[in-house]
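Working notes for the structure below.
The values are calculated or read from the model by the stated rules, or taken from the named source; none is laboratory data. None of the values given here were measured: they were computed from a predicted structure. Every residue, glycine among them, receives a Cβ derived from its backbone with ideal geometry; neighbour counts consider all protein chains shown.
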Amino acid sequence: MRPLFILSGPVHTGKTTNLLHWLKEKKNVYGILAPVINGKRYLLDINTGEKKLLETNKDDYNSNVLRVGNYFFYKDVFDWGTNVILKAINQKPAWLVIDEFGPLELGDNGLEPAINKVINEDKLLANTNVIIIIRDNLMLDFIHKYIFSGIDLRWFFFD
């Protein structure tokens, strides 16, 4: 049974920042982090260090922008992040990180279908430790969205 580590907590409690510091000590790590840099959210390819501006504002709202509450995100940057995750599966990393499962992913946008594939690729990821950051208020939705057979769920909470 392969482990799936869930890092959960309220918005803006340091989940991404703490994970970024923890990952500095790890080798063979792939995936996506979504740090806030100078007040804007980015997607960061953990393996290469490449980052792309994810967050925009309502003035840029168009067909390439997804809105979640008061936030606006570039769809093509999510597509890039999805591809980073999907390519990482084939690398058979020691660690695969996905930041984050949020309202967009719940509605099959954002980093979907990559999250679904990661959860269901038992053979490809048999020796990979997977970490997914999930907002605390979406944990039950996450569990209901995916079927977890053959996976050992391990939860870590931030306050």
Given (1) under 21 Å from ASP122 (Cβ atoms); (2) hydrophobic (A, V, I, L, M, F, W, C); (3) without any contact (Cβ under 8 Å) to a residue 24 or more places away in the chain, identify the lone condition not met by VAL65.
(1)
Quick count over segment 2-31, residues being surrounded by 12 or more Cβ atoms within 10 Å (Cβ to Cβ), of a type in the set (Lys, Arg) and either modelled with pLDDT of 90 or more or within 21 Å of GLY102 (Cα to Cα) (or both), is 2
Are there any pairs with C-beta distances below 8 angstrom linking a residue in segment 90-111 that is part of a loop (DSSP other than H, G, I, E, B) to a residue that is hydroxyl-bearing (Ser, Thr, Tyr), with the two at least 6 apart or on different chains, and if so which?
LYS92/THR128; PRO93/TYR30; PRO93/THR128; ALA94/THR128; LEU111/THR82
Against the definition (assigned to a helix (DSSP H, G or I) and of a type outside the set (Lys, Arg)), how does ILE143 come out, yes or no?
yes
